[in-house]
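Worksheet: the structure to be examined is printed underneath.
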Amino acid sequence: MKQYVYADVFYLPEGTVGPGYLTISEGIFGAFTTEKPTDGDILDYSSKQIAPGLVDTHIHGFKGYDVMDNDVQALNVIAEGILSTGVTSFLPTTLTASTEELDAVCALIGENADQVKGAKIQGIFLEGPFFSEVYKGAQNPKYMGDPSIEKLAKWQELAKGTVKKIAIAPEREGSLEFIEYATKENIHTAIAHTEATYEECKAAVEHGANIFVHTFNGMRGLHHREPGVVGAAMSLKDAFSELICDGHHVHPVSAGIVMDAHGRDKTMLVTDCMRGGGIGDGESRLGEFEVLIKDGAARLKSNGSLAGSVLELITAVQNIVEWGIATPEEAIKMASLVPAQSVGIDDVCGQIKNGYAADFIVLDEKLQLEETYLNGTVVYQKGKEE
């Protein structure tokens, strides 16, 4: 039976429309119309806004669990938990670790991705281990090395083809050949934790790399005589640039500069959220490192460096609108369609479009999340958390 969602505003790929009615049939989006339908039930969200479910392509954990726990229960807790943040599709993200650990995690996700309850696993993001020790961040340099096509091929085999994205430092030996191989295998190569020059980044993008990971963080900065990785992220228009907009990783002005220089259609919001997300202040861990969460920031206890984030994606949307660097329409798109496009999953998620799974969120006029839907069924309601 058909259902219709009535609301004041709908965020569609071509822009905002409304008020009107969005058709849902058997968990699938149908057409949008301004005329009141005469058949089926109407879900009345008067004064509310309907946006596509958000897509987080860089998230390590939530609610005390981490992808590197290598446990189905951990994946379920993360996937169900992030429904409360507006996310309906995500890429579980690994850390730099031993080859054996990454083998095991890829195999676990490959075997169980379709069975995990909650937000939909749309692939794996391997963050490392082919990084530069100079910009290691909260990743263990013991496991860092040059890119290995052989290892990537094995991870993809173990993951049953679900690896969608891998981050590397393009100055490492063999990077260009690695990028070409990954691209041919439909794995998107990202640039991260790197001291590469602008020219090295440019070469990487020309060979197929298409994402700059958490722009400004863990990379060579912008200098007027050496644009570096940040300069590449702002100027190479064929690539996408991630931003962690929690107010700790990147100053609002700096985030706005990236959006203005690079374009909001190629800039995407990610959380880089670690296991401490969703549980408030206190002690936690990121991989092998002890972390202290305080005032909305996760930092290594050893030296105070930022260690991922505890950001929720809907909060990032709200932040950039509040900071005055994006409109609501731009902010929603940067947290849904743009990240989906960056890893080639925009054919299954990231937009409200006829024929797509009816994954969407209900927002109030201040972009506060009220409800989350998966396949046309409400799976989260504000104030009704267990």
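Please treat every number below as a calculation from the coordinates, not as lab data. What you see is a predicted model; the values in this text were computed from it and never measured. Note that each Cβ is placed from the backbone with ideal geometry, even for glycine, and that neighbours are counted across all protein chains shown.
Give the label of the value calculated from the structure for Cα extents along the principal axes in Å, choosing from (i) 61, 47, 39; (ii) 61, 60, 48; (iii) 64, 44, 42. Given (i) 61, 47, 39; (ii) 61, 60, 48; (iii) 64, 44, 42, the structure-derived one carries the label (iii). Computed from the Cβ-Cβ distance with R0 of 45 Å, the FRET efficiency linking residue 28 to residue 238 stands at 0.85. Taking 7 Å along the Cα-to-C-beta vector as the label spot, tell me the residue 44-residue 8 distance in nanometres, rounded to one decimal. Calculated label separation equals 1.6 nm.
Would you mind pulling out the separation of the Cα centroids of the range 118-152 and the range 1-66, in Å? What the calculation gives is 35 Å, centre to centre.
Model label points for residue 305 and residue 149, set 7 angstrom from Cα along the Cα-to-Cβ axis, are 3.2 nm apart. The antiparallel fraction among DSSP beta bridges confined to the range 54-342 stands at about 30%.
Residues within the reach of a label modelled at residue 177 (point 7 angstrom out along Cα to beta-carbon, backbone nitrogen below 17 Å), restricted to the range 187-206, are 204. So for the range 1-105, averaging the separation of alpha carbon pairs under 8 Å that are six or more residues apart and normalising by length, what relative contact order in percent results? So the answer I get is 24 percent. Exposure proxy ranking for 362, 163, 348, based on other Cβ atoms within 10 angstrom of each Cβ and starting from the fewest, stands as 348, 362, 163. Taking the Cα centroid of the range 176-221 and of the range 308-386, what is the distance between the two, rounded to the nearest whole Å? Computed from Cα coordinates, the inter-centre distance equals 27 Å. Counting only DSSP H runs of at least 4 residues, each contributing -39500 (n - 2.57), and dividing by the residue count of the chain, the helix-based mean residue ellipticity at 222 nm comes to -7000 deg cm²/dmol. Look at the alpha carbon pairs under 8 Å that are at least 6 residues apart: their mean separation over the length of the range 54-342 gives a relative contact order of 18 percent. Summing +1 for each Lys or Arg and -1 for each Asp or Glu among the other residues whose beta-carbon sits under 9 angstrom from that of residue 49 gives -2.
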